[in-house]
Amino acid sequence: MMRASFRLVCSGCGRTHAPDTFAWRCECGSPFDVEKELPAEHRFEGHGVWRYRPLLPLLDERYAVTLGEGSTPTVERDLYGVEALLKLEYLNPTGSFKDRGATVMVSNLKAAGAREIAIDSSGNAGCAVAAYASAAGIRCRVYVPAGAPRAKKMQIALYGAELVEVPGSRSEVGKRLLAELKPGVAYASHVWNPYFIEGLKTIAYEVAERFGAPDAAVLPVGSGGLLLGVYRGFAEIARLGFAERVPRIVAVQAAGYTPVYDALYGPYGAEPPAEPLADGIAIPNPPRLKQVVEAVRKSGGGAIVVENREIAEALKLLARAGLLVEPTSAAAVAGLRKTVEQGLVERGERVLVPLTGSGLKALDKIAGTVCEATRHL
C-alpha cells in the first residue's frame, strides 16, 4: 500500500487515526474528518469526480473504483427572481449525488482490504454503495426502511447486494445494522465515513470551475453530508484561489425533521408526518449536526423548513420544466422560494441548487402522494 498523504482526525477530541482503519467513529463517539494538505501546485485532468484527484484522499491509486460519476450538467433558470444553478446530480450513474461519495469511500475501503461492507440508508446511498461495491468485487449488505421506494429496493437488489428491509423509522434501520454487524465487516456509512463527504466536495469544485462561487447554495439536509461536502469544497477552492468567497449555505429541512433549524433558531414544533414525503431528509438526529450548524453559521447562511404541500408544488414545477426529480430534490427548490421570501437570498443573486435524485426512483411515492397533493394546481 502506498503511503497516505492524509490522515483521519476525530472531529470531537482531535485524536488521530490511521487512514486505513475500519473503525467508523472515534473512541469518544465522534465522527472522523479527513485532514489533507492542499497541494501548492495542482493540475486537473480528465472529467468527473477523479478530475480532482490532487484534492481527494486515496490510499492506493490501483484500487480506484469509478463508474463515470460527476461532471453533471447545470441548467440555469430564473426562479423566484434569482439566477438558479440547477445542478443535475440525478444524472449520476445510479441516479443520485451519492455516487460522488461512494466512489471515494469504496475505493478506500477496497484499498484497505475490505471484503464485505454494510450500510444503512433511506435508499439512494444504499443504491450507490451497492453499485460501487459490486464494481469493486466487495460483498455488500444494505439495510433500508421497509417503506423505502420500491424502485430503490429493486435497484439495490439488482446490483447484487443483500437487501435487508427493516420495519419502523430510519433510526431503527441504523440500530438493526449495528446490532447485526459482524467482525471483519466494514460499516460503510455515508453518514459517518469521512471519505464519503470528501467525494461530495467535487460538486463545489465543478460549479466553481465553470461559474465561480455563487452567492448562496440552497441544499436539502438530512444527515448533512451534502451540506458539509459543498461547504468544504468551496472553502478549499477559495483557499486555492479559484473562487473569491464561500457562498452562504442555506439548509432546507422537512417539517417534523428539523434539527439544524432547531439548533439555529429554537424548536420548529411540527410532529413528524406518518409517512415523510422527502424521505431522504427525514433524519431526526444526524451525528454531524454540530459540524453542519457550524458550517451554516460560518457561511452567514441559515435554515428553512418546508411542508409536504410545498415540496409537492415544487416537484410539479420542476417536472413541467422537464426536470423529473424525487421529493427530496424538490424540497431544495421549495426551500429556495422561502429563502427569497425570508430575505436569506436577494433577488438577482446566483444560487446553487443541486437536484440530488431522480424521480424515476420514486415514482410510487410521486404517484401515491404528490399527484394527489397537486391535483388542485
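The values are calculated or read from the model by the stated rules, or taken from the named source; none is laboratory data. Predicted, not measured: the structure shown is a model, and the values here were computed from it. Using ideal geometry, Cβ is built from the backbone for each residue, glycine included, and neighbour counts are taken over all protein chains shown.
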I'd like the full set of residues that are part of a loop (DSSP other than H, G, I, E, B) and either touching a Pro at 6+ places or on another chain (Cβ under 7 Å) or touching a residue at least 40 places away in the same chain (Cβ under 8 Å) (or both), limited to region 6-29. 11, 19, 20, 21, 22, 24, 25
Every residue from region 30-75 that is out of contact with any strand residue (DSSP E or B) (no Cβ under 9 Å at 6 or more places or on another chain), of a type in the set (Val, Ile, Thr) and not in a loop (DSSP other than H, G, I, E, B): 49
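One line per residue, one yes/no per condition, for (1) more than 30 Å from residue 42 (Cα to Cα); (2) surrounded by 24 or more Cβ atoms within 10 Å (Cβ to Cβ); (3) at pLDDT below 95:
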residue	(1), (2), (3)
254	yes, yes, no
257	yes, yes, no
269	yes, no, yes
277	yes, yes, yes
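May I ask you to list the residues in region 85-126 that are touching a strand residue (DSSP E or B) at 6+ places or on another chain (Cβ under 7 Å) and either without any contact (Cβ under 8 Å) to a residue 60 or more places away in the chain or assigned to a helix (DSSP H, G or I) (or both)?
Step one: list which residues in region 85-126 are touching a strand residue (DSSP E or B) at 6+ places or on another chain (Cβ under 7 Å), which gives 85-90, 95-97, 109, 114-126.
Hits for region 85-126 are 89, 90, 109, 124, 125, 126.
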Inspect region 231-238 for any residue being closer than 22 Å to residue 362 by Cα, surrounded by fewer than 24 Cβ atoms within 10 Å (Cβ to Cβ), touching a residue at least 60 places away in the same chain (Cβ under 8 Å) and not small (Gly, Ala, Ser) and give the result as yes or no. no
Is it true that some residue in region 174-181 is in contact with a strand residue (DSSP E or B) (Cβ under 8 Å, 6 or more places away or on another chain), in contact (Cβ under 8 Å) with a residue 40 or more places away in the chain and among the aliphatic types (A, V, I, L, M)? yes
